[in-house]
1. Taking the chain as a Gaussian network, where each spring joins two C-alpha atoms under 10 Å apart, which residue of Ser15, Ser144, Ser53 fluctuates the most?
2. How fast does the chain diffuse by Stokes-Einstein, in µm²/s, taking the Kirkwood radius from C-alpha pairs at 25 °C and 0.890 mPa s?
3. Per-residue HN-Hα couplings for region 184-194, Karplus 6.51 cos²θ - 1.76 cosθ + 1.60 at θ = phi - 60°, whole Hz, x for Gly and Pro?
4. Starting at the first residue of region 45-57, write each ³J(HN,Hα) from the Karplus equation 6.51 cos²θ - 1.76 cosθ + 1.60 with θ = phi - 60°, in whole Hz, x for Gly and Pro.
5. Cross-link candidates for Lys62: which aspartates and glutamates have Cα within less than 17 Å, leaving aside residues fewer than 8 places away along the same chain?
6. Hey, can you grab everything whose amide H is under 5 Å from the amide H of Ser143? Only 5+ residues off in sequence or another chain; H modelled, so Pro and N-termini drop out.
7. Along the three principal axes, how long is region 56-163 when you take its alpha carbons, biggest first, rounded to the nearest angstrom?
8. Determine ³J(HN,Hα), in whole Hz, for all residues of region 248-253 in sequence, where each value follows from phi through the Karplus function 6.51 cos²θ - 1.76 cosθ + 1.60 and θ = phi - 60°; x replaces Gly and Pro.
Amino acid sequence: MIDLTGRVALVTGSSRGIGSACALRLAEAGADTVVNYVTSRSAAEEVADQIQSLGRRTAVVKADVSEQEDVVSMIDFVRESFGGLDILVSNAATGGFRPLLATTAQHFEAAMNTNVRALMFLVQAAMPLLKRSEGRAKVIGLSSLGSHLALPMYGLIGSTKAALESIIRHFALEIGDHGINLNVIQAGLVETDSFHQMPNREQLLAHRRAKSMVGDRRLTVRDIADAALYLASPLSDMVQGQTLVLDGGASIHA
Ligand SMILES: NC(=O)c1ccc[n+]([C@@H]2O[C@H](COP(=O)([O-])OP(=O)(O)OC[C@H]3O[C@@H](n4cnc5c(N)ncnc54)[C@H](OP(=O)(O)O)[C@@H]3O)[C@@H](O)[C@H]2O)c1
């Protein structure tokens, strides 16, 4: 059994969807877990209530991860309230589904700042805490198949995910020797709020299901949270700078 008792985790964008599933999974395994949101305060508080009922320490922090000041304040709060940080899951993302031909400078900036730059500022701010972690500290980024597959209306988000994966690899090169593992979860389609905003979601889902090689089993937020738990645990100490693909094998064949 994976036991994260005594570890402190922060999951960005954990008021809903994949982020909330990851926060709850880490707390179930024993980690004191900080919940971050930007707009959904009551949803974030519900996640924190569930974490507390598991007997873990928790807190809810409003921070827009696209803003460096917010990121720095959030990490300061974690240091002051929890005394350290061992597990950082960079999950929050935005972008919208539209053609690249209709993408503006504002769309581009917002997506890059939230999906890519945030991870850089999070790691920079958290570095003193991650270095002090007992055992290896873990940083996990949430990516998608669109980082390397061309998907309709996904050009902007897909390109941010490609950049995110590259930043994780380069951080592994820069700071891996300081007791920190940095890895990526690359997930297939999961039915969260953002999925329900995709214009062609049913068609995409049917296509991925037809290609999946695990029978009728659908990818769930729990599957992703399980992968996050593995990457947050000592079981993955020798996994460094890697991308773990969770799609039932759909993307490995034509
Ligand atoms: N769903 C999929 O099919 C899928 C597949 C592969 C990868 N992913 C990736 O998995 C991650 C989570 O996706 P999801 O589908 O669970 O998303 P979601 O349901 O849309 O939830 C997004 C979360 O991110 C938070 N957030 C957004 N912008 C933020 C900001 N600037 N600062 C802080 N928090 C912010 C939201 O907070 P509020 O609630 O406060 O707005 C919310 O908690 C993303 O990185 C996504 O790209 C998703």
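Computed from the coordinates by the stated procedures, all read-outs in this text should not be read as laboratory data. Computed from a predicted model, the values in this text were never measured in an experiment. We place every Cβ from the backbone using ideal geometry, glycine too, and count neighbours over all the protein chains shown.
1. Of Ser15, Ser144, Ser53, the most mobile in the Gaussian network model is Ser53.
2. It diffuses with D of about 135 µm²/s by this estimate.
3. Once rounded to whole Hz, the list reads 10, 9, 10, 9, x, 5, 10, 7, 10, 4, 5.
4. 5, 5, 4, 4, 4, 5, 5, 5, 5, 7, x, 9, 7
5. Qualifying aspartates and glutamates at Cα under 17 Å: Glu45, Glu46, Asp49, Asp70, Asp76, Glu80.
6. Answer set, sorted by chain and number: Ile185, Gln186, Ala187.
7. 47, 26, 24
8. After applying 6.51 cos²θ - 1.76 cosθ + 1.60, I find x, x, 4, 8, 9, 9 Hz.
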